[in-house]
Each structure stands twice: as structure tokens, then as C-alpha cells.
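Q: If you scroll down you'll find the structure; I have some questions about it.
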Amino acid sequence: MLNNLIKSRRERSLSTSSNKILADRLWIKILIGMALGVLTGTLLSPEGLALIPSQSAYALGEWIKIPGVIFLSLIQMVIVPLVVCSIILGIAESGSTENIKKLGLRLVPYFLFTTSIAISIGIFFVQLIKPGLSFDPSLIEATLSNAPAVPAQNFSDLTVPQRIGNLIPTNPARAELDRNMLQIVVASIIIGLALLSVGKTGKAFHDLCLSGQTLSMKVISWAMVIAPYAVFGLLCNITIQIGAKSLVGVGLYMSTVLLALATMMGVYLIIVRFLGKHSPSSFLAGIREAQLIAFSTSSSAATMPISIQCAEEKLHVDERVSRFTIPLGATINMDGTALYQAIAALFLCQVFHIDLSYGEIGLLLITTVGASIGTPATPGVGIVVLATILVGIGVPAEGIALIIGVDRILDMCRTTINVTGDLAASTVMQRFYK
Ligand code: ASP
């Protein structure tokens with residue numbers, strides 16, 4: 001009885017905040033913010049219309065992006081408690097360990113399946129178009145001699161058994177401090193299962209998670225109020241920073257990635273239609289806020305709360321499914337990133353004339369699945385993890401310098417696909433869950 005009361009109170013309070021967020025055509029405001037951001041950025045950018053001196057443009061960009069920084073900080077502030085509470089409650093309220101086992105046993109193979117499809121699409125297009133073979137060799141020398149250091153990343157030195165052992169955090173507080181989402185998700189699943197099996201004894205902790213989740217969603221709803229301004233600021237600043245120069249020589253590579261990502265979007269629509277039994281157009285209409293936020297922030301983690309709301313409010317996914325599937329998906333299911341990493345690796349092989357056998361390409365596929373699972377859901381990390389893959393297939397990691405200039409644009413697009421993949425998964429799991 002009390003449980004029902006708490007549940008209905010929670011449903012009421014969550015749906016009030018999400019209704020407020022989603023009802024007022026937020027996506028149109030975000031879209032206008034995006035368009036104005038790119039336009040203003042082009043007017044100010046030294047490589048655009050350069051209406052003001054370049055130093056002032058860069059300084060102004062920093063000011064204009066302040067709403068974006070506040071937006072992201074507010075979301076990041078509550079993302080760990082939100083993920084922890086959502087997963088624990090999602091499991092604890094699933095009714096039985098049997099239900100969770102059923103969901104988990106379908107979800108993980110499903111994620112591996114879609115990631116493998118994404119990588120295969122990437123490999124297909126990069127082998128078909130061969131963008132690396134038409135890359136201007138004079139640009140290689142010029143770019144590599146000015147190459148920025150490849151950002152350091154800390155898990156390439158771990159062996160596979162060590163990485164598997166590392167999944168369970170021996171110190172959950174450290175996992176939270178380090179924002180190691182994979183460890184946080186694993187710890188939350190274990191605690192959720194424990195809560196499910198202790199019955200009434202766990203009630204106080206259950207209520208604590210309920211409060212944590214509701215408070216986090218409240219903060220997110222405040223952040224969403226400034227979303228259109230945030231998007232304007234972030235895109236304006238990026239347009240000022242990137243400039244057209246970085247596009248020189250890599251246009252064909254970019255087109256290959258974009259074409260492959262668009263194909264993956266088509267695959268999702270087929271999956272949603274036939275496995276999720278949803279009409280593709282209503283699916284796209286239901287997830288547009290999440291896609292626009294993903295595109296503007298380049299962060300699946302920051303988009304997670306709005307993805308959960310879209311899944312529940314627009315796609316009518318049961319909260320026990322969405323609050324388990326989406327946080328887990330945002331952490332381990334990155335189809336856009338995997339597809340991009342496969343294309344980037346093979347593009348650089350073509351540039352450096354490194355021939356891979358079919359066996360090596362198969363190995364690349366497996367490595368990329370693993371790498372995309374370990375890639376944190378934050379901006380720009382896909383390219384950092386790419387360095388590990390490159391070392392594995394004998395491509396100089398400095399080659400990343402050739403593609404780093406356009407990475408932000410591709411990051412925006414691959415994050416949109418990552419988020420779409422999680423939402424598509426929630427519709428499929430919803431059907432199986434029934
Ligand atoms: N930005 C991507 C995400 O958050 C990860 C990546 O860099 O590919 O999903």
C-alpha cells in the first residue's frame with residue numbers, strides 16, 4: 001500500500017517535471033538555438049565572415065558558451081546519483097530477479113549485435129569508398145610535423161583479464177570520484193539485485209533512492225529551461241573554433257563517416273519497426289529532443305536524463321525498462337562511436353598504405369566492439385580510445401592528427417547515433433519485457 005503510494009507520488013512528480021520539459025515544443029527552441037549558434041559563429045569566426053578580430057572572436061566565444069557550460073555542469077552534477085538511483089530502482093521494482101535476468105540476457109546480446117552491425121557498415125563503406133587513398137600525401141607531412149600530442153588515456157596498458165576484473169569497483173567511492181561509469185553501472189546493478197532479494201529490510205534504502213532520483217530529475221528540469229541558450233552558446237563557440245581550414249583534405253573521410261552513420265540510422269528504423277513494433281515516424285518524432293541535445297552536447301551521458309524522459313513520455317516505454325536500458329546503453333552501447341572508430345582506423349591504414357588481411361579486419365571488428373564498450377560517454381573520447389585500436393593494428397597513433405580537426409563535428413553526429421541506438425533498444429526491450 002505504502003509502496004503504491006510512494007510509486008504514484010513518484011510517477012506524479014516525475015511526470016510533472018518531464019511534462020513541463022517536453023510539452024512546450026522544446027525541440028523547436030533547441031533547433032532555433034542551433035541555427036542561430038552556427039550563424040552567429042560563422043559571422044564571428046576568423047575563417048567565416050570575420051566581423052571582428054580573431055582574438056576578440058575567440059574571447060567572445062568563451063563568453064557566449066557560458067549557458068552551455070552551466071547546462072552541462074548542472075547535468076553532470078546529478079548524473080551519477082541519477083544513474084545509480086535509476087538502475088537500483090529499475091531492478092528493485094522489476095518484481096523478481098527472473099525478470100531482470102530475462103531483460104539482461106536479451107539486452108547485452110542485443111547491444112553486441114547492433115554494435116557489430118554498426119562496425120560492419122563502417123568497414124563496408126570505408127572499403128568501398130577508400131577515402132584514404134585519395135588523401136593528399138603532402139598534407140600528411142605538413143600535418144604530422146605540427147601534430148598535437150595524442151591525448152593520453154589510461155586503460156590501454158591493462159590486459160583484457162585485468163579489464164574484466166576491473167569492472168567491479170572494490171572502492172565504489174573512487175569509481176564515483178573518477179566518474180568511471182562502467183564501474184558505477186556494474187555496482188548499481190549488484191546493489192539493485194541485492195535490494196530485490198532482501199525484501200522489506202531494504203525499504204529505507206529504496207526510499208532514499210526514490211528521493212535521490214526525484215531530486216536529480218528536478219535539477220535536470222531546471223537545466224532544460226536553459227537548453228536552447230546552451231545549445232546556441234555551445235554551437236556558436238564551436239563554429240568560431242573549428243573553422244573551414246580543418247576540413248581540407250578530409251572531406252571524403254567525413255562523407256564516408258556521415259554516410260555510414262545515416263545508414264545506421266536506417267537500420268535503427270527497421271529494428272524499431274519490426275522488433276519494437278513502433279512506427280519509424282512516431283519514433284523519430286518522440287526522440288527528437290534527445291537527438292538535438294546529443295548533437296549539441298556531444299555527450300550521451302549528459303543526454304541520458306532526457307533520453308529516459310523521451311522513452312517514457314513519448315515512446316511509452318515502461319520505466320522499469322527505460323531506467324535500466326538507457327543508463328546501461330549510454331555506458332556500453334555506442335554504435336556511432338564503434339562505426340566511427342572502425343572507419344577512422346581503416347582510413348588511416350589506407351593513408352599509410354598498411355594492408356590488413358581479412359583476419360586482421362575481423363580482429364579490428366572485435367577490438368572495436370570492446371573499445372566502444374569501454375569508451376566513456378563524454379565529448380571527444382572516441383578519438384582518444386581510437387589510439388588503442390591503432391596501436392593494435394600497427395598504425396602510427398600520430399595519424400590521429402590528420403583527423404582531429406574534424407573530430408568535433410563527427411563527435412556530434414556519432415553521439416546522436418549512440419543515443420538513438422539506446423532509445424531504439426528501449427522500444428525493443430519493452431516488447432520483450434511484456
Ligand atoms: N561523445 C560520444 C558520446 O558521448 C563518445 C565519443 O567520443 O565517441 O557518446
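Q: Scanning for something touching a Phe, Trp or Tyr at 6+ places or on another chain (Cβ under 8 Å) and among the β-branched types (Val, Ile, Thr), does the range 61-76 turn up at least one residue?
A: Looking for residues that are touching a Phe, Trp or Tyr at 6+ places or on another chain (Cβ under 8 Å) and among the β-branched types (Val, Ile, Thr), one finds at least one in the range 61-76, hence yes.
Q: GLU289 passes all but one of (1) over 16 Å from LEU182 (Cβ atoms); (2) within 11 Å of the ligand (Cβ to nearest atom); which number fails?
A: (2)
Q: Same structure, new question: Does at least one position in the range 289-308 carry a residue that is more than 15 Å from the chain's Cα centre (by Cα) and assigned to a helix (DSSP H, G or I)?
A: There is no residue in the range 289-308 that is more than 15 Å from the chain's Cα centre (by Cα) and assigned to a helix (DSSP H, G or I).
Q: Against the definition (surrounded by fewer than 20 Cβ atoms within 10 Å (Cβ to Cβ) and at positive phi), how does ALA50 come out, yes or no?
A: Against the criterion (surrounded by fewer than 20 Cβ atoms within 10 Å (Cβ to Cβ) and at positive phi), ALA50 qualifies.
Q: Same structure, new question: Within the range 193-222, can you find the residues that are among the small types (Gly, Ala, Ser) and within 26 Å of GLU98 (Cβ to Cβ)?
A: ALA194, SER197, GLY199, GLY202, ALA204
Q: Could you look through the range 292-306, keep only residues that are in contact with a Leu (Cβ under 8 Å, 6 or more places away or on another chain) and away from the ligand (no atom under 11 Å from the Cβ), and pick out the one that is farthest from ARG431 (Cα to Cα)?
A: Among them, the one singled out is SER296.
Q: Going by the structure shown, is VAL317 more than 11 Å from the ligand (Cβ to nearest atom), touching a residue at least 24 places away in the same chain (Cβ under 8 Å) and in a loop (DSSP other than H, G, I, E, B)?
A: yes
Q: Only residues that are within 15 Å of the ligand (Cβ to nearest atom), under 19 Å from THR159 (Cβ atoms), part of a helix (DSSP H, G or I) and not small (Gly, Ala, Ser): list them for the range 355-385, please.
A: Hits for the range 355-385 are THR368, VAL369, ILE373, VAL385.
Q: Can you list the helices (runs of 4 or more DSSP H) found entirely within the range 166-258 that contain at least 2 residues being surrounded by fewer than 14 Cβ atoms within 10 Å (Cβ to Cβ)?
A: 172-177, 181-198, 203-225
Q: Do we find that GLY266 is away from the ligand (no atom under 16 Å from the Cβ), over 25 Å from PRO379 (Cβ atoms) and free of Cβ contacts under 8 Å to residues at least 40 places away in the same chain in this structure?
A: yes
Q: Taking the condition within 16 Å of the ligand (Cβ to nearest atom) and closer than 30 Å to GLU47 by Cβ, does VAL231 pass?
A: Yes.
Q: Return the total of residues in the range 320-341 being within 12 Å of the ligand (Cβ to nearest atom) and assigned to a helix (DSSP H, G or I).
A: 11
Q: Take the residues in the range 398-433 that are surrounded by fewer than 21 Cβ atoms within 10 Å (Cβ to Cβ), of a type outside the set (Asp, Glu) and more than 16 Å from the ligand (Cβ to nearest atom), then tell me which one is modelled with the highest pLDDT.
A: ARG431
Q: Mind checking which pairs have a first residue in the range 358-380 that is on the phi < 0 side of the Ramachandran plot and charged (D, E, K, R) and a second that is assigned to a helix (DSSP H, G or I) and within 16 Å of the ligand (Cβ to nearest atom), Cβ under 9 Å, 6 or more apart or different chains?
A: none
Q: Let me ask you something else. Scan the range 357-400 for residues that are within 22 Å of SER299 (Cα to Cα) and aliphatic (A, V, I, L, M) and report the count.
A: Residues meeting the conditions: 12.
The values are calculated or read from the model by the stated rules, or taken from the named source; none is laboratory data. All figures in this text were calculated on a predicted structure; none of them were measured in a lab. Heads up, the Cβs are rebuilt from the backbone with ideal geometry, glycines too, and the neighbour counts pull from every protein chain shown.
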